[in-house]
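Derivation of every value follows stated rules applied to the coordinates shown; laboratory data play no part. Because the structure is predicted, anything quoted here is derived from the model rather than measured. FYI the Cβ positions are ideal-geometry reconstructions off the backbone, even for glycines, and counts take in every protein chain you see.
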Amino acid sequence: MAGGEPLWRQRRRQDWAALQGGGFDVVVIGGGITGAGIAWQAALHGLSTLLVEARDWAGGTSSRSSKLVHGGLRYLPHGEVRLVREVGHEREVLERLWPHLVRPLPFLIPVYRRRGMPLWALGAGVWLYDRLTGVEPRHRRRMLSPEGVLALEGGLAAQDLAGGVSYFEARTDDARLVYTVVEAARAAGAVALSRAKAGRLDLTPQGGRVEIADRETGETVTVRARAVVNAAGPWTGEVDPQGTEVVLGRGCHLVFAHHRLPLRHAVALPAPDGGNTFAVPRGAVTYLGTTDRLYTGDPELPDVPEEDVRYLFEVARAAFPRAGLGPGDLLAVYAGVRPLVAQAGKADTRELSRQRSIEVRRDGLISVRGGKLTGFRSVAADTLRHLAEAGLRPPRAPADKSAAAFDPARAAADLGRNYSLTGLAAGEIVGRHGSSAGEVLRYAAGRPGGLEPVAAGAPVLWGELDYLAEREDVFTLADLLIRRSALLWFGGLEEPEAVLRPVAKRIAPILGWSPEEAAGQVQECRREAHLDRLEELRRLAL
Ligand SMILES: Cc1cc2nc3c(=O)[nH]c(=O)nc-3n(C[C@H](O)[C@H](O)[C@H](O)COP(=O)(O)OP(=O)(O)OC[C@H]3O[C@@H](n4cnc5c(N)ncnc54)[C@H](O)[C@@H]3O)c2cc1C
């Protein structure tokens with residue numbers, strides 16, 4: 001570290017300087033999973049690529065999802081077989097590419113009499129689903145009796161239980177997945193800048209110019225581009241006001257300590273309105289979501305409405321009647337908005353297809369809307385096909401680099417032993433950093449108190465925060481605590497508020513913050529993490 005100049009900032013300064021008068025084959029607008037994936041694939045295929053993100057990597061929807069890399073069982077009854085098959089295949093590829101980040105997750109669907117789909121129909125659906133998504137035999141569905149269900153998850157309501165089905169999906173950390181893909185894009189040659197907003201577009205089908213503003217300094221630069229891709233998620237219409245309308249569906253999640261809802265499986269919870277609500281175990285916590293309602297506000301920081309919280313508590317209490325969950329148990333809440341493609345006559349966002357749409361404007365702007373976290377590589381492949389049709393043929397096919405075999409469980413066991421970490425901390429650090437976890441821990445060990453957890457029992461270490469601040473495009477406290485480390489929402493902290501000041505103080509010298517700036521960062525992070533809202537909700541009478 002060079003006095004207030006972390007390594008990532010040095011790189012960013014050089015990248016920004018290189019933009020002056022520069023030109024690219026492709027400029028991708030939006031550093032969520034869609035844009036990161038397109039930039040990665042474009043660079044892998046030999047196109048010179050610039051990716052710009054106005055906020056932080058995954059600062060929009062891609063850090064606020066349910067984090068399931070799933071084949072989309074629920075799309076099957078809607079006949080979306082292509083989507084199911086495609087995302088199922090993608091799940092398998094992602095598990096192979098980044099086994100630390102995309103991990104198999106056992107799923108359980110309990111079935112109750114006179115509610116929802118009968119057991120036999122669900123069993124047949126999951127059977128078909130396993131085949132469509134190419135699940136390996138040991139992970140295929142199991143049909144369960146009521147006793148079988150309760151043997152797996154004893155906290156579930158027993159009354160009227162008809163049985164259930166267990167099968168496998170996968171879980172990820174969406175924000176880290178995006179960051180990993182951004183790094184992969186850089187490794188393939190892309191220039192990737194966060195806090196850089198695309199503004200005025202001046203395009204023709206043969207190419208054009210994009211104005212980019214550095215949100216840190218206010219400086220602007222205009223770059224030439226042979227093609228421009230709009231992957232701005234909920235902001236797609238802001239970048240392309242003439243295109244098909246994007247409708248926003250807001251979804252909220254509640255986070256509880258794992259010991260308050262000690263699940264071993266992700267559980268699909270029967271909801272009174274047939275909504276898709278899951279309880280998902282993740283290390284120190286179990287999170288529960290989602291809701292899905294039309295949202296017409298600003299996508300920047302969607303609030304968590306009381307109505308959604310009440311709904312999720314109602315569903316959770318019916319499913320786990322003896323857990324005694326109450327608002328005082330809440331450790332975190334968050335909301336995200338799905339960018340969905342508007343369809344005539346459909347006002348309920350739950351009815352809108354999750355299929356993506358790729359639209360090419362007359363002046364050549366390619367806008368990518370909708371889609372899923374899970375299918376991001378195939379969205380990128382489709383986008384590349386559109387680029388080729390527009391005359392921008394990728395110069396090469398990417399080399400088939402099969403990921404080196406990496407066993408996250410073994411790495412966690414080895415590192416946990418070497419650095420005397422708890423199983424939870426070792427597993428989570430490997431989950432965040434994969435094969436770089438050893439490097440992170442060596443760095444942490446060299447920092448004062450670097451191997452100590454940030455709070456008692458928390459799966460994040462002080463030295464790991466230093467590492468992230470030094471290396472991973474961390475502009476703000478929220479970048480660090482919400483998206484890079486996930487500490488605030490998923491660290492199992494009883495009092496998330498308590499870590500803000502100490503963390504800001506610790507990383508201030510790395511990021512060159514004055515005491516006033518550090519105090520401002522704390523306030524901004526509180527806002528982004530919904531901490532005031534959390535306090536209000538904890539006092540809610542339910
Ligand atoms: C509650 C919820 C639960 C979900 N659960 C799942 C799930 O379990 N599994 C799954 O597969 N999918 C899930 N999804 C869907 C998935 O999260 C989204 O489809 C996906 O994250 C959308 O990514 P995106 O890159 O298109 O949009 P975003 O992640 O929003 O990225 C768009 C980016 O563009 C940037 N941007 C905007 N304007 C500009 C500009 N002018 N210049 C530069 N940058 C700009 C924004 O800052 C933003 O970061 C869920 C969605 C929600 C809301």
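Residue separation times 0.36 nm, minus the C-alpha to C-alpha distance between VAL93 and PHE406: what's the value?
Numbers: separation 313, 0.36 × 313 = 112.68 nm, distance 1.42 nm.
Once the chain is fully extended between VAL93 and PHE406, it gains 111.3 nm.
Taking other C-beta atoms within 10 Å as the exposure proxy, GLU464, GLU300, GLU92 rank GLU300, GLU92, GLU464 from fewest upward. Take the Cα of ALA257, go 7 Å toward its beta carbon, and the backbone nitrogen atoms of segment 303-337 under 13 Å from that spot belong to 326, 328-332. The ranking of VAL360, VAL229, VAL126 from fewest to most other beta carbons within 10 Å of each one's beta carbon is VAL360, VAL126, VAL229. Loop-resident GluC sites (Glu not before Pro) (DSSP state other than H, G, I, E or B) in segment 138-180 with no more than 14 further Cβ atoms inside 10 Å of their Cβ are absent. Shape call for the chain from the C-alpha gyration tensor, a ≥ b ≥ c root eigenvalues: rounded (a/c under 1.5), prolate (a/b greater than b/c) or oblate? Oblate is the answer for the chain, as a/c is 1.5 or above yet b/c matches or exceeds a/b.
Centroid-to-centroid, using Cα positions, segment 53-103 and segment 425-501 are 25 Å apart. Helical content alone sets the calculated 222 nm signal of the chain at -10500 deg cm²/dmol, taking -39,500 (n - 2.57) per DSSP H segment of four or more residues and averaging over every residue.
Distance between the pseudo-spin-label points of ARG114 and ASP348 (7 Å out from Cα toward the beta carbon): 2.2 nm.
Taking every alpha-carbon pair under 8 Å whose residues sit at least 6 apart, segment 408-538 reaches a relative contact order of 17 percent.
Going by C-beta contacts inside 10 Å, put VAL246, VAL81 in order with the fewest on the left.
VAL81, VAL246
With a simple spin-label model that places each label point 7 Å from the Cα along the Cα-to-Cβ direction, the separation between SER514 and ARG361 comes to 4.1 nm. Taking 7 Å steps out from each Cα toward its Cβ at ARG11 and ALA151 produces label points 5.0 nm apart. In segment 92-193, Cα pairs under 8 Å separated by at least six residues give a relative contact order of 38 percent. So for the chain, averaging the separation of alpha carbon pairs under 8 Å that are six or more residues apart and normalising by length, what relative contact order in percent results? Rounded, it is 19 percent for the chain. Potential lengthening of the chain between ASP532 and GLU307 amounts to 79.3 nm, from the contour at 0.36 nm per residue minus the alpha-carbon distance.
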